[in-house]
Amino acid sequence: MKRVVIGLSGGVDSSVAAYLLKEAGYEVIGLFMKNWHDDSVTISNECPWLEDSNDAMMVAEKLGIPFQTVDLSKEYKERIVDYMFNEYEKGRTPNPDVLCNREIKFDVFLKIAMSLGADYVATGHYCRKDTVIKEGKEVYRLLAGKDVNKDQSYFLCQLSQEQLSKTLFPIGELTKPEVRKIAAENDLITADKKDSQGLCFIGKVRLPEFLQQKLKPKEGLIIEVPSENNHYKKEIPSFKDKEEELEYFASKHSYNTSDGKVVGKHQGAHYFTKGQRKGLSVGGTAEPLFVIDTDVEHNIIYTGQGKNHPGLYRRTLFVNNDELHWVREDLALKLDGVLKVKARIRYRQPLQEAILYKVDAGLYVDFDQKQSAITEGQFVAFYLDDELIGSGVIS
């Protein structure tokens, strides 16, 4: 019997994952990760960790598996929370869920599991893995979940071969309704529980309040840039080579206050992100305002009317070498390498046709169609068919 330690979050997905492992004959141990203590920024009765850990414990009891809670809040603060503050301060928008998987669940948690003599760790992610043999070596492939509406491979885009080799995804072949059905048939307390929408394992957090612990509010201007601004009318120059062309299309507009008119005030540019519509509190425009850029240095937010505003769209993005990651190291592009892929720049975005170009300093991702709200600090993930082969932080 192989021993598997499963992260029981108190939700239906990990509950059913634990049930399936037990049915498959594994020796299963359930661990609940406690990653957060500060209730002052948690929206109280939405998914507090205490209720979740109780649900996880009751599922373990029902399945007859050992259960314990591990407190990872120190590591979570150091590796996720501090990183988030740091990124927001720089005017970038981090993705804590991707980081939590790389740094906490598949690193700190994995090491705890191995110290308990586990052969594998398992999670309730909607994704799959398989193994292919290349040049006599086992290579692990990270595949999209069968349920296209719930596919969570994007959140695992930073995993390594080493991490994948020790991981199981028991519900990857199932759809959400099938998972709920299995939970109901086996009287698991989590069968009808709503999915939590919060930061990974923290529960629902009000992001501005969360950020205000470190990043103090500071009043600044909201400027509306009209869609007929000269920025968007520039003639495209001729390029000496492909790299120069990619650099041109990847560079973002740099705005200044004379590009538009002041339409309101905000409490801190670092609380806002590109593409954001809510929280601007500016009325009286024909179409809703969207954030098209934030300038944290001068504390200014630039906005445009409507979701088709040209300031929201760009064709190309760049990833620096030190923020580029290949799940499939054997497919990593060498200098001047080119690869046709499908890519996404956020969770749940339908996959987009794109071409990767490897240059000296990093990697360009050049999309067939312009993309809305390409946001620095977020992850771009690239796929071949339904296999996620690599990712990087948008720079």
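The values are calculated or read from the model by the stated rules, or taken from the named source; none is laboratory data. Predicted, not measured: the structure shown is a model, and the values here were computed from it. In this analysis, Cβ positions are derived from the backbone assuming ideal geometry, glycine residues included, and neighbour counts consider all displayed protein chains.
So here's what we get for this one:
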{"quantity": "Positions within segment 6-35 being assigned to a strand (DSSP E or B) and more than 14 Å from GLY64 (Cα to Cα), in sequence order", "calculated": "GLY7, PHE32, MET33, LYS34"}
{"quantity": "Positions within segment 174-195 being surrounded by fewer than 16 Cβ atoms within 10 Å (Cβ to Cβ), within 28 Å of the chain's Cα centre (by Cα) and not in a helix (DSSP H, G or I), in sequence order", "calculated": "ASP192, LYS194, ASP195"}
{"quantity": "Count of residues meeting criterion [at pLDDT 95 or above, among the hydroxyl-bearing types (Ser, Thr, Tyr) and part of a loop (DSSP other than H, G, I, E, B)] in segment 255-300", "calculated": "1"}
{"quantity": "Filter result for ILE133 (of a type in the set (A, V, I, L, M, F, W, C) and under 19 Å from the mean Cα position of the chain (by Cα))", "calculated": "no"}
{"quantity": "Among (1) modelled with pLDDT of 95 or more; (2) closer than 26 Å to SER395 by Cβ; (3) among the charged types (D, E, K, R), the one test that LYS252 misses", "calculated": "(1)"}
{"quantity": "Segments classed as strands (runs of 3 or more DSSP E), wholly inside segment 102-157, with at least 2 members that are more than 21 Å from ALA343 (Cβ to Cβ) and in contact with an Asp or Glu (Cβ under 8 Å, 6 or more places away or on another chain)", "calculated": "127-134"}
{"quantity": "Enumeration of residues in segment 1-27 that are modelled with pLDDT under 95 and touching a helix residue (DSSP H, G or I) at 6+ places or on another chain (Cβ under 9 Å)", "calculated": "SER9, GLY10, GLY11"}
{"quantity": "Residue match in segment 295-302 (condition: under 22 Å from GLN369 (Cα atoms) and either in contact (Cβ under 8 Å) with a residue 12 or more places away in the chain or within 21 Å of the chain's Cα centre (by Cα) (or both))", "calculated": "no"}
{"quantity": "Residue identified as in contact with a helix residue (DSSP H, G or I) (Cβ under 6 Å, 6 or more places away or on another chain), at pLDDT 95 or above and under 15 Å from PHE249 (Cβ atoms) among VAL359, VAL365", "calculated": "VAL359"}
